[in-house]
Amino acid sequence: MASGTAEEIPEGVFRVNPEHTPQSKQEAYRRLHYYVAKMGVTVSDCLQDALIRQRKAAFEMTDRQLLKTALKGFSDDEFLPAVKEITVVWLHLESLDQGGHDMPGWLLTFLRLAFGATDYLYPEPKSVEILKAYEYCESIHTLYQEASYRAAWSLGFREPASYFASIIIPLFIDTGPLRQQVLQKALTLPASALLTHSLFE
C-alpha cells in the first residue's frame with residue numbers, strides 16, 4: 001500500500017502540531033470517538049450525494065441495462081459496507097497526509113485506534129480485511145481505482161462495477177480538504193463539547 005513521510009505532507013493540509021496532543025487518555029478517547037463517528041457521517045453524506053448525481057444523470061444513458069442498474073435502490077447491506085470501505089481508505093489517506101510513520105507517536109496510535117473503531121460503527125467487513133485488500137497497491141492512483149471498484153461492487157453494481165466506479169473515485173481524489181476538516185475539528189473542538197456537538201454540522 002502507498003506510504004508517505006513527513007516531507008511529503010501536501011501544502012495547505014491541516015498539520016497536527018504538539019498543541020493538538022490530548023491531555024489525558026480520557027480526552028484522547030473522547031476525541032477518537034468523535035473523529036470516527038464524524039468521519040462515518042461525512043463519508044455517508046458524500047457517497048449519498050454521488051449516488052444521487054448518478055441517478056439524475058442516468059437518463060442520458062443509451063444502454064438500457066446500465067440505465068436499469070444505475071437506478072437501482074440500495075439496501076443497508078450494500079450501502080454500509082461501501083461506507084466502511086471508503087472510511088477505512090480515508091483514514092489511510094489521512095495517515096499519509098500527516099507523514100505516515102514519521103508522524104508523532106500519539107497521532108499514529110490515535111489513527112490506528114480509529115481503524116479498529118470503525119468496526120464498532122460498521123461490523124463488516126473488518127477494517128483489517130479491507131486494508132489487506134490494498135497491500136498490492138503501489139501508488140495512490142492504483143489505490144483510488146481499486147477502492148472505487150470495491151465500493152461499487154459492495155453497492156450491488158456487480159458486473160458493471162468498473163463502470164460505476166467512476167462516480168466514486170472523486171470521493172478519494174477531491175475530498176482531501178473535507179477529510180482534513182474532520183480531523184481538525186476532532187482535535188480542536190473543546191473537549192467538553194465533543195459529546196454534545198452535532199456530527200451533522
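Readers should treat all values here as calculations from the given coordinates under stated rules, not as data from a laboratory. Treat the numbers as computed from the prediction; the structure is a model and nothing was measured. Glycine gets a Cβ as well: all are built from the backbone with ideal geometry, and neighbour counts include every protein chain shown.
A few comments on the model shown:
- Order by protection proxy (mean Cβ within 10 Å, highest first), peptides 23-35, 163-175: 163-175, 23-35
- Residue order, fewest to most beta carbons within 10 Å, for CYS46, CYS137: CYS137, CYS46
- Region 24-188 gives an Rg/Rh value of 0.99, both radii derived from C-alpha positions and Rh following Kirkwood.
- For a label point 7 Å along the Cα-to-beta-carbon line of GLU124, residues of region 68-82 with backbone N under 11 Å: 77-78, 81
- With the highest mean first, a sort of the peptides 102-111, 72-81, 89-98 on other beta-carbon atoms found within 10 angstrom per residue produces 89-98, 102-111, 72-81.
- For the chain, the longest principal axis of the C-alpha atoms and the axis of helix 25-57 are separated by about 20°.
- Per residue Cα convex hull volume in Å³ - calculated over region 134-178: 77 Å³
- Ordered by the number of other Cβ atoms lying within 10 Å of each residue's own Cβ, fewest first, VAL13, VAL83 fall into the sequence VAL13, VAL83.
- In this structure, the pairs whose alpha-carbon distance is over 30 Å, taken from LYS68/LYS185; LYS38/LYS132; LYS72/LYS126; LYS56/LYS185; LYS38/LYS68; LYS68/LYS132, are LYS68/LYS185; LYS56/LYS185; LYS38/LYS68; LYS68/LYS132.
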